[in-house]
Structure formats: C-alpha cells, structure tokens
Amino acid sequence: MLILLTVIPSILILLVIVLNDRFREPTGLVLACFFWGCALCLPAGFLNSLFIWSQENADDLAYLAAITEEPLKFMVIYFFVKGRTAFDEPMDALVYGTAISLGFATLENFEYVFSAASIDQSFEIAVVRAISAVPMHASCGVIMGYYFGRYVFSGDRMMLLKSLAVPILFHGAYNFFCNYSFGLALLLLLGMYLFCDRLHHEFRREQELKQKEAEDRHA
C-alpha cells in the first residue's frame, strides 16, 4: 500500500498528460524519459548534498535544489529528446518534459517516504508529497516542455531561456515557501497548476486546429 501511494500520484498525472495528447507519443520514448528522470536523482542527490545538505543552515538553502535539479531535467529534454523523429510538434515537448519530471519525483518520493522513522510517518510523508511535491515537479515539467516546444518550432531563443529559467524560479520559490509556510507553498502550487492548465489548453487548441485542417484537406 505504501509503495502504491508513493508511485501512483506520478503515474496518474502522467496518464492524464499522455491521454490528453491528440497525437500520442511512442510509449517506449515516454517511458525512457520517465526512467531518465529517475536516474537524475543520483547526480541531483550528489550535487544537493555538496551545495545544500553539507552546510550548517541546510534548511534555509533548500531553494538551491531548483538550480541543481531543473538543469538536469533540461539536459535530458535537450540532448535526449530534441533530435527524435517522434518529436514533431510542440505538445510533444510538454509530454516528455512532464515524464522526465515525474520520473524524478517518483524516485525522490521513495527516498523521502522510506527513510522515515516509522510506518505512520512514511504514510504521512507519502500523502503530503502526493498533493505537493509530486504536482510541483509535474508542473515544472509542463512549463519546461511548453517553452521548449515553442523554442524548437519557432527558433526563438528567449523561449529556450524561459524553458529553463521559469521552472527554476517556480521550483526555488516552492522550496523556499515550504521552509517557512506550507500554506504559502500550496498557494503557489495552485497558481502553478492554473498556469500549467492554461499552457496545456493552448497546445490542445493548436492540436484541434491542426486536426481540423487535416480533415478539411481530405474532405
């Protein structure tokens, strides 16, 4: 039950994103991105322990995790996804970006949940992270994917910058607020969700127009 609670939130969010893509991505590539995200926990853990957890005021520096984790996710979407033939429209970047982020969130969940002192604490951590940290990582993936998709199909380098900078800012702000007020962190998360919903709907509308144009050509 505890393992399911640790994994299911990420799987459900990823399924929503994948199934709402009108032109579905190859399952193998989505899973590869998910497992790349899992693998990123290793270098991220090393960097975080070097720059954050080794410091005396480690809790006050938790926001620095955004500067180590988001660039690692960005490297996967840039170097592993960008050149793929299946990556042929902006929505694809959003799907793959979310898969990478949720892979990261899933393995990170295991670390937090199963390092707790008791089963009761593990369940509490799993529930809290299911409504907070996992959606936060997913939101950063959506945002990164949105701007990266815009960059690839427009060549606008400002979009490339935003695909890295905006998730870092949101992630850093979330971690900062968590250290001082979980309520503020949840309020920020709500804003991130609404922002991501707008970005996702924007790509969905473009897909609908693309599909309608294709149907009109074959009518």
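The values are calculated or read from the model by the stated rules, or taken from the named source; none is laboratory data. Just so it is clear, the model here is predicted, and its values are computed rather than measured. Glycine also receives a Cβ, built like all others from the backbone with ideal geometry; neighbour counts cover every protein chain displayed. Side chains are part of the model used for accessible areas, which takes the heavy atoms of the whole protein and leaves out ligands, DNA and RNA. Shrake-Rupley method; radii C 1.70, N 1.55, O 1.52, S 1.80 Å.
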By residue number, the members of the stretch 140-167 that are open to solvent by 10 Å² or more (accessible area, probe 1.4 Å) and of a type outside the set (A, V, I, L, M, F, W, C) are Tyr146, Tyr147, Arg150, Tyr151, Ser154, Gly155, Asp156, Arg157, Lys162
When the residues of the stretch 1-30 are filtered to those that are open to solvent by 80 Å² or more (accessible area, probe 1.4 Å) and of a type outside the set (Val, Ile, Thr), which remaining residue is farthest from Phe114 (Cα to Cα)? Arg22
Looking only at helices (runs of 4 or more DSSP H) that fall completely inside the stretch 104-182, which ones have 3 or more residues that are out of contact with any helix residue (DSSP H, G or I) (no Cβ under 7 Å at 6 or more places or on another chain)? 119-130, 157-180
